[in-house]
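All remarks here apply to the structure that follows.
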Amino acid sequence: MGTSLQMLGGQITAFAVLYQAWEMTGSTLMTGMVGLVVAVPTILFGFLGGILADTRDRRGLMLLANLGAVIATLLLVGQWLTGLASAALLLVLAATQAGCVALGQPARKATIQDILPRDQLAAGIALTHAAFQAAMLGGPAIAGFVAGIWGVAGCYAAVVAALLLAFAGLAALPQTRQASGSENLPDRLVAGLRAVLTRPVLRGALLADLAAMLLAMPIALFPALNKTHFGGSPETLGLFLSAIAAGGIIAMLMSGMVTRASRLGAIQLAAAATWGLALAVTGLASSGWLALLCLVVAGAADTIAVMARGAIVQLSSTPELRGRIMAAEQIVGVAAPQAGNFRAGSMAMFMPPGAAVAFGGIMCAIAVAGIAWTHPGLSGFRADNTSKWRG
């Protein structure tokens, strides 16, 4: 419940920052810059959070990170209410909040194995992702409604409320005393990176997700697409964000087919390619409603890919490196989409927004095919024989 409230707050924040940046500048480059600025602290604090998750109490780390996110969000409220809002200040505060959230994310993911038996890990990951999809579905819709009445300050205030409520859920988690370890911080970081880079299944799973997010993430272009198809109102902008989540919810209804499947690698690759192809059609669609329908398909494919990837990473991780491997997964899953948004916003400076979305989707499908060819171990990964994939 604590992390679900955090995720809801994160989705409302994403909407509010994107909407404020668009209203202040009307520039796709600026909406893409939001993604780039958020990606940097996500990477840096994600790695630090992964190291701390392997050496410190994970519950305490999550509570500390949530406190930092509350303070950063209060500053976002203040910058709007005091009339001090500027593009530079918005980027700084958005980056600060992202860094605080990133610090606690590896601990949250690593805790799944602390509280669930091994045969329920895939289902637990699916449940966690269901909460994320619910936040994606409800967050933008709530944010669009609130922004239409109280403006972006109302959105930020709602985020503060969600994060404050999250404390109760996080505090209920068990304490986890991690071994302090003899390595220094750089050595711990190198050990985690080595584990990801030298294990083909882990490397391939993260590369496939990196290709999907970096090459095809379209969210920075949603304000421009919304203006093209629906005139630019905040309520319909929320529909673009919620459409992806709606597809995710549909996929979650069939999550048992994924969590009980053995060929998780093949499922991830197929779903990642489908995500790219659905976005290619989204960009080429002449109707706004057709574009939204394609986003529903893309959201379903992305959810299936994330569920499969999460199970692969958890099942392929050794306990002593789990936090750092979760940090690498988080960076790919959170920072890569932000960097992908910057790519999308930059491309739209030189081509129509729809063409930029379509081009990214096609490149994603091609890249996933290449990863499948160069990482046969990923497509052959079986959940019922994980010991052979840990070396």
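Along each principal axis of its Cα atoms, how long is the stretch 233-369 end to end? Whole angstroms, biggest number first, please.
Ordered largest first, the stretch 233-369 gives principal extents of 48, 31, 30 Å.
In Å and from the alpha-carbon atoms only, list the Rg and Dmax of the stretch 22-66.
According to the Cα coordinates of the stretch 22-66, Rg and Dmax are 15.4, 45 Å.
For the stretch 276-281, in order, what is each residue's ³J(HN,Hα) by Karplus, 6.51 cos²θ - 1.76 cosθ + 1.60 with θ = phi - 60°, in whole Hz (x at glycine and Pro)?
x, 5, 5, 6, 4, 5
Given a 1.4 Å probe and every protein chain left where it sits, what share in percent of the accessible area of the chain is carbon and sulfur?
Its accessible area is 71 percent carbon and sulfur atoms.
Can you compute the equivalent ellipsoid semi-axes for the chain, i.e. the square root of 5 times each eigenvalue of the Cα gyration tensor, sorted largest first and rounded to whole Å?
Working: eigenvalues 190, 132, 65 Å².
Sorted largest first and rounded, they come to 31, 26, 18 Å.
When N is the residue count of the stretch 290-353, what does its C-alpha Rg come to as a fraction of 2.2 N^0.38 Å?
The stretch 290-353 yields a ratio of 1.47.
Could you estimate the translational diffusion coefficient of the stretch 212-260 from the Stokes-Einstein equation, with Rh from the Kirkwood formula over C-alpha pairs, at 37 °C and 0.692 mPa s, in whole µm²/s?
265
Report, in debye and to the nearest 20, how large the dipole of the chain comes out about its Cα centre when Lys and Arg carry +1 and Asp and Glu carry -1 on their Cβ.
Using Cβ point charges on Lys, Arg, Asp and Glu, the chain gives about 780 debye.
Kindly report the accessible area of the stretch 29-68 per residue (heavy atoms of protein chains, probe 1.4 Å, no ligands, DNA or RNA), in Å².
On a per-residue basis, 35 Å².
Which of the peptides 44-56, 100-112, 25-37 is most tightly packed, and how do the rest follow, going by the mean number of other Cβ atoms within 10 Å of each residue?
Packing order, densest peptide first, comes out as 100-112, 44-56, 25-37.
From the Cα trace of the stretch 1-87, what convex hull volume per residue do you get, rounded to a whole Å³?
It is 97 Å³ per residue.
Taking θ = phi - 60°, what integer Hz values does the Karplus form 6.51 cos²θ - 1.76 cosθ + 1.60 yield along the stretch 139-146, in sequence order, with x for Gly and Pro?
These are the phi-based 3J(HN,Hα) values: x, x, 5, 4, 5, x, 5, 5 Hz.
Given the peptides 74-86, 255-267, 147-159, arrange them by the average over their residues of other C-beta atoms within 10 Å, most packed first.
147-159, 255-267, 74-86
Order these peptides, 242-253, 365-376, by their mean beta-carbon neighbour count within 10 angstrom, highest first.
Most protected by this proxy first, the peptides run 242-253, 365-376.
Per residue, how much accessible area does the stretch 286-388 have with a 1.4 Å probe, in Å²? Provide the component values of the computation, followed by the final result.
On the way: 3690 Å² over 103 residues.
Here the residues of the stretch 286-388 average 36 Å² of exposed surface.
The values are calculated or read from the model by the stated rules, or taken from the named source; none is laboratory data. All figures in this text were calculated on a predicted structure; none of them were measured in a lab. Using ideal geometry, Cβ is built from the backbone for each residue, glycine included, and neighbour counts are taken over all protein chains shown. Keep in mind that these areas ignore ligands, DNA and RNA; they rest on the heavy atoms of the full protein, side chains included. Shrake-Rupley method; radii C 1.70, N 1.55, O 1.52, S 1.80 Å.
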